[in-house]
Amino acid sequence: MSLDDCDLAPHDSSAAGQVFRDLGVEPIINCTGVRTSYGGCNPTRSVLAAMEASGQGFVVLNELAEAVGRKLAALTGAEWGLVTAGSAAAVSQAVAACVAGNDPEKMLKLPLRDEKMVVVAADQRMAYEHAIRAVGCGVLPIGRAADLDQLATGKIAAICLVASDIPKSVLSFDQIALRSKQLGIPLIVDGAGAAPTFPNVWLQNGADLLIHSGGKYISGPQSTGFLLGSERLCRAAYLNGPPGQSFGRSMKVGKDEIIGAYVALEQWVKGGADRAMERWRECILIMKREFLSVPGLSVEEIEPDAAFCNPRIAVSWEVKTFSANADLIVKKLASARPRIVLHDCWQRPQRIVVDPTNLTKVEAVIVGRSIVHAITEPPLAPAAPQEGAFEELAGAWQVYIDFLHGSAVHAFMLRQDRQNIAGTHVGAEVSGKCRGNIIGSKLKLFSQLPGDPLGLDYEFEGTLRDGSLTGVVHLGASAAKYSGVTFRRQFGQASWCAKRTRTNHTGGVKCTSHR
């Protein structure tokens, strides 16, 4: 595959955007990297051609799995491998293999009821641990390899580490790999966020199973992943997934996706990684020229590291030179045409980061010029000063949240300093701090309650009327390092209402909320 073929991804054609517009959805220029929220990566033309060809015939899937398993072994140096329905499915199938093997009696009893545990590193918690819990295993964090000696090894199904976090973890990989071998506990490394490299350092140094994404850097089908490593465990993982009538039947992956994922990985290993790096750096150079053409803008090229296999570019400015605010720029670009979306977790007040993974050279020019224009354009006339009046909200409130299905009763304990609100948000099971403000009768209140493994995000918007607060609450969950709007609002919204706490004959208060 030539560099031109790689660069002429499907989204370069006019038809790519129109198919979305026909549905009433405006497409985006993706500067966020490989986030699933925006579609991961687009398959190359070669991958699409292989998928189309495989969609014109039929095959016995078990025979296809055997053939692809051998090919993946030869390509990666692993003993065997399989294509899964994404990386999260690979986690579930890997854990199922460690729990049940291909013992039909055990397989058909999945999911378990917490009879087994999967050990994770306390400083490597990930958002996708539900893929472990889906098999019925509990998740047990540890801080040192020696902690394994205090556990009943018969209850430990596996150990799961996160590749991008291993280099900075206090848990030594070498020590945990050694103890896993001594205790006979399978060691899984989740490398979904990393680009594949072979021979693989984790498999070489003691991991039994390795997970990679098919729909990120290698530009395979977005819905695919890979599970590589021990032949016995990989075969067991396959049998615990489709097409059999096992626990993982819902994690179906089609023959065209299997072929597309394999072709993408083959191309990546045989030169695609170098071609991708060349294109990323070309896109960065294009944007760098645009940024440096404006006095007062500073540029930083961010080199690959453990968390990101690709370079990125940051542009920053002094507020005394340009009054533009990065958050406002991000919102403005996302609503403009063409629509440009930036990663909402990377910005600082006067700093913007662009990930070139999914950019073409033409798009890099558009992005560079659009960011420059947004930073340098004259500011709008100052907004009218915020309303000085405000309602008094200090005290205790009982809060009723009406979800899409079901409801919950929470509480606020609020303090107030003029328009500023702070206090405690008491959830159904946990509590945390909240903060916000009230302008006139309009309240905005933000809270994050402790969760496992992610904090639970609530953004309340409401109006005080006749002694009651009513409005909508945006729902999500996020880790501190990814606490952007996308994740803080990833679970949609609910309606809510609240009244000041008082005792009545029913022991509480009721209010009616409206969507």
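Using alpha carbon centroids, what distance separates the range 52-96 and the range 304-367, in Å?
Value for the Cα centre distance between the two parts: 36 Å.
Could you state how much accessible area F173 has, in square angstrom rounded to the nearest 10, with a 1.4 Å probe and all protein chains kept in place?
In the full protein context, F173 sits at about 20 Å².
Tell me the carbon and sulfur percent of the accessible area for the chain, rounded to whole percent, probe radius 1.4 Å.
54
Please figure out what share of the DSSP beta bridges in the chain is antiparallel and state it in percent, rounded to the nearest 5.
80
The list (1) 23.0; (2) 25.6; (3) 30.3 gives values of Kirkwood radius over Cα pairs in Å, and only one came from this structure; which label was calculated from it?
(2)
At 222 nm, what value in deg cm²/dmol follows for the chain if DSSP H runs of at least 4 each add -39500 (n - 2.57) and the sum is divided by all its residues, to the nearest 500?
Helix-only estimate at 222 nm: -8500 deg cm²/dmol.
Scanning the chain for GluC sites (Glu not before Pro) in DSSP loops with at most 14 other Cβ atoms within 10 Å, what's the longest stretch left with none?
116-317
For D114, what accessible area in Å² do you get when you roll a 1.4 Å probe over the heavy atoms of the protein chains, rounding to the nearest 10?
About 90 Å², ignoring ligands and nucleic acids.
Using the Cβ atoms and a cut-off under 15 Å, what net charge is assigned to the surroundings of F491, where Lys and Arg are +1 and Asp and Glu are -1?
Residues close to F491 contribute a combined charge of -1.
Just need the relative contact order of the range 63-141 here, percent rounded to a whole number, with Cα pairs under 8 Å and 6+ apart.
Once normalised by length, the contact order is 26 percent.
Taking all protein chains together and a probe of 1.4 Å, list S250, S230 from the most accessible to the least accessible.
Highest to lowest solvent-accessible surface, that is S250, S230.
Among the listed pairs K106/K252; K109/K155; K331/K442; K71/K216; K106/K155, give every one whose C-alpha distance is greater than 19 Å.
Over 19 Å apart, Cα to Cα: K106/K252; K331/K442; K71/K216.
For T36, T84, T463, T470, what's the largest-to-smallest order of accessible area, 1.4 Å probe?
Largest accessible area first, the list is T36, T470, T463, T84.
Ordering C345, C137 from largest to smallest accessible area (1.4 angstrom probe), what's the sequence?
Solvent-accessible surface, decreasing: C345, C137.
Summing Lys, Arg as +1 and Asp, Glu as -1, what charge do residues with Cβ under 14 Å from the Cβ of A157 carry, A157 excluded?
+1
Per residue, how much accessible surface does the range 100-248 expose to a 1.4 Å probe? Answer in Å², no decimals.
So the range 100-248 comes to 42 Å² accessible per residue, rounded to a whole number.
Hey, what did the chain get for relative contact order, percent, Cα under 8 Å, at least 6 apart?
Across the chain, relative contact order equals 13 percent.
When the Cα centres of the range 198-262 and the range 395-459 are compared, how far apart do they sit, in Å?
With the range 198-262 and the range 395-459 each reduced to a Cα centre, they are spaced 41 Å.
Cross-link partners among aspartates and glutamates for K433, C-alpha distance below 14 Å, same-chain residues fewer than 8 apart left out?
Cα-Cα hits under 14 Å: D457, E459.
The values are calculated or read from the model by the stated rules, or taken from the named source; none is laboratory data. It should be emphasised that the depicted structure is a prediction, and the values quoted were computed from it without experimental measurement. Because the Cβ atoms are built from the backbone with ideal geometry, glycine has one as well, and the counts that use them run over all protein chains shown. These accessible areas exclude ligands, DNA and RNA; they are computed on the full protein's heavy atoms, side chains included. Shrake-Rupley method; radii C 1.70, N 1.55, O 1.52, S 1.80 Å.
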